[in-house]
Amino acid sequence: MAEAGTGFLEQLKSCIVWSWTYLWTLWFFIMLFLVYILRVPLRINDNLTTVSMFLNTLTPKFYVALTGTSSLISGLILIFEWWYFRKYGTSFIEQVSVSHLRPLLGGVDNSAPSASNAANGEADSSRQSVSECKVWRNPLNLFRGAEYNRYTWVTGREPLTYYDMNLSAQDHQTFFTCDTDHLRPADAIMQKAWRERNPQARISAAHEALELNECATAYILLAEEEATTIVEAEKLFKQALKAGEGCYRRSQQLQHHGAQYEAQHRRDTNVLVYIKRRLAMCARKLGRTREAVKMMRDLMKEFPLLSMFNIHENLLEALLELQAYADVQAVLAKYDDISLPKSATICYTAALLKARAVSDKFSPEAASRRGLSTAEMNAVEAIHRAVEFNPHVPKYLLEMKSLILPPEHILKRGDSEAIAYAFFHLQHWKRVEGALNLLHCTWEGTFRMIPYPLEKGHLFYPYPICTETADRELLPSFHEVSVYPKKELPFFILFTAGLCSFTAMLALLTHQFPELMGVFAKAFLSTLFAPLNFVMEKVESILPSSLWHQLTRI
């Protein structure tokens, strides 16, 4: 019985919803007809006459106050809507309408035919969202003490966000600590140091650890945070390398004696790879580029499975500095594979190499007359591929948007990755004659190929919708985050802006010209109600005047 009652109520609700969805016009006319029939007992004509008399007795000051108050309220709504849109990317009124009013009016999602399918769909979407919004360690991240802190000393601005530094702290705990650290006093101190939020406390802990033993991770921390120049950082990393190699050899001999020894060896391997990679970056920054390339190649041969550090991106940048384009092409042939994750460095470096073959002689006027050659078409397609992967990069390469220091972590296909790429590779694009001109002429053509990038891509998956939120966490507040695709202003912001402007104009005109505005208001209202009066006269001429009395007799 309870199930039958519930089913009846559901059917009744669906019938009401259906009637309001499709028969609202009929309901409207029925209501109008009832109001007309009941106009005599409801005294509608008398009430309208009283209202009109009351309105005629109002002074212009009332209308000034009315329009001014309306302008103020709509202005406050506009300010709130604009703030909400800038912070959350959507209209508050539209969100409330969709979330609360639509279910009451019977709005249902037809895309979920069954509970099992809905559950599977939610799992797939959540899995896709996690993979799209995964934050990666920046392979070319700068040194905190020698570069980030110097920027802060000069400008007074913090280039790193708390979220970014917190991610780095988690990386350090993952790479540089293990479960057996408590057995060694120096490592136990460093295990606590990596969790410290205060930089001075971390540096003091590193010095304390070095007093007990030659600790490689302590040297790493000092090189990253205390050293004020790259030269000082390199000296500390060389000391860390000496200590790290000793630990690596000892743990390598014991790695098969148990799970604890294996975890310690894995930690020592991460420490050694990190030190060698940072030493190669120091050599690159100090102008010893060939030495840096050799160190990176040796590191990739010695530890080929540690792809999480993305050392090949450091190698690509160093080879471009040497203008060794054949070697760059060889690295791309290995890593620009369909089965491997892409990055802006890989896509835009491939585009740069193909643009280099034609950019010095490229002319948009000549290309429009004779058409694109095969090489030019390949270059344009490579640029379109790169722009589809990360559409934020061209504005930085073309210097349409100012660069900032790159963060320590990046979001692939996001603004943070674009900044990190352009910061190091802009000089390489400038070095190739005509490359930026070719990019300027062709990059916007990508958007004609993918008119709805959030729904369907061309060569890659649809553009993720979470990049703006993640980039705002990674990038400092003084940087204007690049948003793609560009969001249009919601209807309610435009509506409240127009309402605010219109009511403010009415208030000003009513205050300045009260008599003229009174005449205008009466003329406007008489014109507005003229069709209604005409319809009422026709209805009264058709229907008998005693219809209500006849209905009451019945």
Along the dipole axis of the range 148-309 (charges at Cβ: +1 for Lys and Arg, -1 for Asp and Glu; origin at the Cα centre), the most positive-end residue among W153, N198, G258 is W153
Per residue, accessible area of the range 491-536 with a 1.4 Å probe, heavy atoms of protein chains only, in Å², comes to 75 Å²
Mean separation of Cα contacts under 8 Å (at least 6 apart) over the residue count of the range 324-488, i.e. the relative contact order in percent, is 24 percent
Cross-link reach from K430 to aspartates and glutamates, straight Cα distance under 17 Å and at least 8 residues apart if same chain, gives E317, E321, D360, E399
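Checking the a/c ratio against 1.5 first, then a/b against b/c, what shape does the Cα gyration tensor give for the range 148-309?
oblate
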Excluding residues fewer than 8 positions from K538 in its own chain, the lysines with Cα under 26 Å of it are K522
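Is the shape of the range 150-241 rounded, prolate or oblate, going by the alpha carbon gyration tensor and its root eigenvalues a ≥ b ≥ c, with a/c under 1.5 for rounded and a/b larger than b/c for prolate?
oblate
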With bins of 10 Å, the percent of all Cα-Cα pairs of the range 361-451 per bin from 0 is 16, 46, 30, 8, 1
For the range 70-80, Karplus-derived ³J(HN,Hα) couplings (6.51, -1.76, 1.60; θ = phi - 60°; whole Hz; x for glycine and proline) come out as 4, 5, 5, 5, 5, x, 5, 4, 4, 4, 5
If every Lys and Arg gets +1 and every Asp and Glu gets -1 at its Cβ, then about the Cα centre the range 324-488 yields a dipole, in debye to the nearest 20, of 360 debye
Once phi for every residue in the range 276-291 is put through the Karplus expression 6.51 cos²θ - 1.76 cosθ + 1.60 (θ = phi - 60°), the whole-Hz ³J(HN,Hα) values, with Gly and Pro written as x, are 5, 5, 5, 5, 5, 5, 5, 4, 5, 5, 8, x, 8, 5, 5, 5
Diffing the range 135-152: the Karplus 3J(HN,Hα) column from phi (6.51, -1.76, 1.60, θ = phi - 60°), in whole Hz with x for Gly and Pro, holds 9, 10, 5, 6, x, 10, 4, 7, 8, 5, x, 7, 10, 5, 5, 5, 4, 5
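Inverting the mean 1/r over all pairs of different Cα atoms, compute the Kirkwood radius of the range 491-536 and quote it in Å.
12.4 Å
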Per the charge dipole of the range 324-488 (beta-carbon charges, Lys/Arg positive, Asp/Glu negative, Cα centre), the residue among M377, A418, P341 reaching farthest to the positive end is M377
hull vol. (C-alpha, convex hull) per residue for the range 290-383, Å³ -> 98 Å³
Sorted by chain and then number, the residues having a modelled amide H within less than 5 Å of the amide H of H409, at least 5 places away or on another chain, are N138
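The values are calculated or read from the model by the stated rules, or taken from the named source; none is laboratory data. Predicted, not measured: the structure shown is a model, and the values here were computed from it. Quick reminder, even Gly has a Cβ in these numbers, built from the backbone with ideal geometry, and neighbours come from all protein chains shown. All accessible areas refer to the heavy atoms of the entire protein, side chains included, with ligands and DNA or RNA removed. Shrake-Rupley method; radii C 1.70, N 1.55, O 1.52, S 1.80 Å.
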